[in-house]
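This report concerns only the one structure given below.
The values are calculated or read from the model by the stated rules, or taken from the named source; none is laboratory data. As the structure is a computational prediction, the values presented were derived from the model and not from experiment. All Cβ positions, even for glycine, are placed from backbone atoms using ideal geometry, and neighbour counts span all protein chains on display. These accessible areas exclude ligands, DNA and RNA; they are computed on the full protein's heavy atoms, side chains included. Shrake-Rupley method; radii C 1.70, N 1.55, O 1.52, S 1.80 Å.
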Amino acid sequence: MGRLIVASNRTAAPGEDRAGGLAVAVWDALAERGGVWFGWSGAVVAQESRGLRIFAVGAVDFALADLTGAEHAGFYLGYANRALWPVFHYRVDLAEFDDAAFDTYAAVNRRFGRLLHGLLRRDDTVWIHDYQFLLLGQELRNHGWQGRVGFFLHIPWPAPEVLAALPQHARLARGLAECDLIGFQTRRDVGNFTRYMVEQHGAEALPDGRLRVFGRTLRAAAFPIGIDADDVMRMAESTEARAAAHRLGRIIENRALVIGVDRMDYSKGLPQRLQAFGRLLDEHEGLHGRVNLLQIAPPSRETVDAYRDLREELDRLTGRINGDYSDLDWTPIRYLARGYPREMLAGLYRLARVGLVTPLHDGMNLVAKEYVAAQDPADPGVLILSHFAGAAEAMDAALLVNPHDITGTADAIRRALEMPADERLDRWQVLNAGVHQNDVAAWRRSFLAALDGMTEAVP
Ligand code: GDG
């Protein structure tokens, strides 16, 4: 079997955060099979250096390219984060459509495609990740690459009517169609993608489930990403986890804890979540002094305006709710705009009676799975999960909510707080079995097995 070549914007090269779900999955796959992890070095340099920095860490080779300041601004902060991310998360209102940014996006895909092609050997398998590299497969084909190319999208594929708002959607779709296997998080995404290809580009659905479009035959399928559930379970029992739970436990005493952990992003539904917690306090005086919300929200992409506005909104909402309800010995919301080590998070998940995961749209949402895996099997908490997280497709034993429905979410929090122990246990056992069975190793194995099984790499 040939080498695996993974291309992703960020990699788990030394110095990067190797603990995330994707990093673990890709690392294991590369270590098992041998191969190369190709991507951005994370460095922004004054002038384009044409080369790659190549080095080995154990069995894994890294091949990293720098971005120039202009590339970083146009490709990463510009088109990827100001156009693709909002549109794919149904926020056309926040999208900035800038032709020059698209040109830079396409140029970076072209340059990276050339660099990547230079690394390939005939029997290699290429696996491209995520929305930064929608055109990378096509660039490899432009250089004559005929081997297998797989692509996995970590974020939702929106409804065709929404995607059609993106001025360059057809060019992106044409480029993406050069991949042989296109993996999505959910069946809903596959349905949206198929409908988009049929309606916009006249795709034909073949009897074996593949699609014929732009003169190519490709397969689109759902591969829901998972976590390393055993590892999260172990982390929740670590000394660091216990110390974190003890530190917070001393302060909240016997009050029930509701936890949210999210990158500070407008897709995560944070204002609506704070409002729902406020509504809970508005409507249930009996809960005053008896419940705490811990919201951990490490800031991300702070140079993008929409993220700065979100930060201000969260600061304001937290201040208002805490101002309205705090007492001498109780502050209802602990809002921490900073990140914590994963072991500490695992300890806090376990301490929390309720995990509140309420994105407005999310490809999967790994926090939902981490919360479940971290629970004490003898006394597990309750997961409240948005219908609009990819995770909801397989986690219907959670309390599913519409995050836009503030009263409905407040009701779900109350129901979770009052849930009898046997119902908590029943629901958790179902969720936990799924999280362990469909873990991150199962995800990468099923994707790579499907890609290896593709016989018709090029028509
Ligand atoms: C994208 C898609 C899809 C959070 N705070 C801290 C911290 N985290 C970790 C969580 C979790 C990860 O970050 C976040 O993953 P999510 O899946 O929730 O969301 P995105 O970052 O938006 O990821 C998403 C995912 O890709 C994978 O395909 O599920 O839908 O949007 O692991 O625990 N980690 C640490 N400190 C923190 O404070 N160490």
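Data for the structure
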{"read-out": "Which listed residue is out of contact with any helix residue (DSSP H, G or I) (no Cβ under 7 Å at 6 or more places or on another chain), within 26 Å of residue 310 (Cβ to Cβ) and open to solvent by 10 Å² or more (accessible area, probe 1.4 Å), from 98, 123, 93, 103", "value": "93"}
{"read-out": "Among the residues listed as 278, 269, the single one being touching a Pro at 6+ places or on another chain (Cβ under 6 Å) and either more than 13 Å from the ligand (Cβ to nearest atom) or open to solvent by less than 10 Å² (accessible area, probe 1.4 Å) (or both)", "value": "269"}
{"read-out": "Count of residues meeting criterion [under 22 Å from residue 164 (Cα atoms), modelled with pLDDT under 95 and among the charged types (D, E, K, R)] in the stretch 196-252", "value": "0"}
{"read-out": "Identity of the residue in the stretch 305-345, more than 24 Å from residue 253 (Cβ to Cβ), open to solvent by 90 Å² or more (accessible area, probe 1.4 Å) and not basic (Lys, Arg), that ends up nearest to the ligand (Cβ to nearest atom)", "value": "309"}
{"read-out": "Test set (1) more than 16 Å from the ligand (Cβ to nearest atom); (2) open to solvent by 20 Å² or more (accessible area, probe 1.4 Å); (3) of a type in the set (A, V, I, L, M, F, W, C) - residue 291 fails condition number", "value": "(2)"}
{"read-out": "Residue check for residue 299: under 19 Å from the mean Cα position of the chain (by Cα), modelled with pLDDT of 95 or more and closer than 14 Å to residue 267 by Cα", "value": "no"}
{"read-out": "Only one of 290, 263, 242, 308 that is touching a helix residue (DSSP H, G or I) at 6+ places or on another chain (Cβ under 7 Å) and not small (Gly, Ala, Ser)", "value": "242"}
{"read-out": "Wholly enclosed strands (runs of 3 or more DSSP E) of the stretch 193-293 bearing at least 3 residues in contact (Cβ under 8 Å) with a residue 12 or more places away in the chain", "value": "216-222, 256-261"}
{"read-out": "Of all residues in the stretch 20-66 being within 16 Å of the ligand (Cβ to nearest atom) and not in a helix (DSSP H, G or I), the one that is least open to solvent (accessible area, probe 1.4 Å)", "value": "39"}
{"read-out": "Positions within the stretch 37-71 being of a type in the set (Val, Ile, Thr) and farther than 19 Å from residue 5 by Cβ, in sequence order", "value": "44, 45, 68"}
{"read-out": "Complete set of residues in the stretch 41-62 that are more than 18 Å from residue 117 (Cα to Cα) and among the polar types (S, T, N, Q)", "value": "47"}
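So that you can scan it fast, the table gives a plain yes or no per residue for (1) closer than 30 Å to residue 428 by Cβ; (2) of a type outside the set (A, V, I, L, M, F, W, C):
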| site | (1), (2) |
| --- | --- |
| 191 | yes, yes |
| 197 | no, no |
| 209 | no, yes |
| 212 | no, yes |
| 215 | no, yes |
| 221 | yes, no |
| 225 | yes, no |
